Structure formats: C-alpha cells, structure tokens
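Everything on this sheet refers to the single structure shown next.
The numbers here are math on the coordinates, done by the rules we state, and not lab data. Computed from a prediction, not measured in an experiment: that's the story for all the values here. Cβ placement follows ideal geometry from the backbone for every residue including glycine, while neighbour counts extend to all protein chains displayed.
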C-alpha cells in the first residue's frame, strides 16, 4: 500500500472515531442530564463541541482535498483556541438564547416535580 493511501486510511479512521465521539457529545447536550450540570461545565462542553467541529472540518479537508496541497501549518493554533477564549470572556447567560433558557427551565421544573413526587 502506498504511503499516501495509508495516510488517507488513517485519517478516515481518525475522522470516524471523532465523529462518533462528537455524536455522543451532541446527544448528551440534548439530554435532560445536560441541564443538571453547572453553567460553567455546560460552557466547557459547548467549547469542546466547537473544537471538535473544527477538528472534524480539518480532517475532512485533509481527506477530501488534494492531500499533496495541504499544509498543516495553515491551521493556526489561535483558530483552535479562540472559541475557548471567547467563551471565557462572555458570561454563559449572554450565550444562551431565550429558547434555550425556556427549555432549561422546563426541564428543571420537571425534575423538581419528579423529586417532590418521589418523596
């Protein structure tokens, strides 16, 4: 097998594994358990989601563009860290839109109601 074919095979495996982990993260973010977490931890998961999306984009670019023309140094460290820095600069409340807050309140109320009924 040629070196380029081995690289492409390795990239595809890496992308598939990352996609699987990314899908699990998305499923968790869309679950009731997510709303039980602290705002700070939810913000961290949101940052992780952004970085994983960027990483998937880079792997796709490497896989489906001409691999000889890809220069990894084109992807700056700052472009990967910027979402994390921005997430820390703004409060979590300013990042949540009204619909997300409504959903969060609904789920919290539901969980509280279940706790009361269980007693």
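Filtered by the rule that a residue be over 26 Å from residue 62 (Cα atoms), in a helix (DSSP H, G or I) and within 14 Å of the chain's Cα centre (by Cα), region 1-50 gives 27, 28, 29, 34, 41, 42, 43, 44.
With respect to residue 46, is the statement that it is under 26 Å from residue 106 (Cα atoms) and either touching a strand residue (DSSP E or B) at 6+ places or on another chain (Cβ under 7 Å) or loosely packed, with under 14 Cβ neighbours inside 10 Å (or both) true? Show your work before the answer.
Details: under 26 Å from residue 106 (Cα atoms): yes; either touching a strand residue (DSSP E or B) at 6+ places or on another chain (Cβ under 7 Å) or loosely packed, with under 14 Cβ neighbours inside 10 Å (or both): no.
The answer is no for residue 46.
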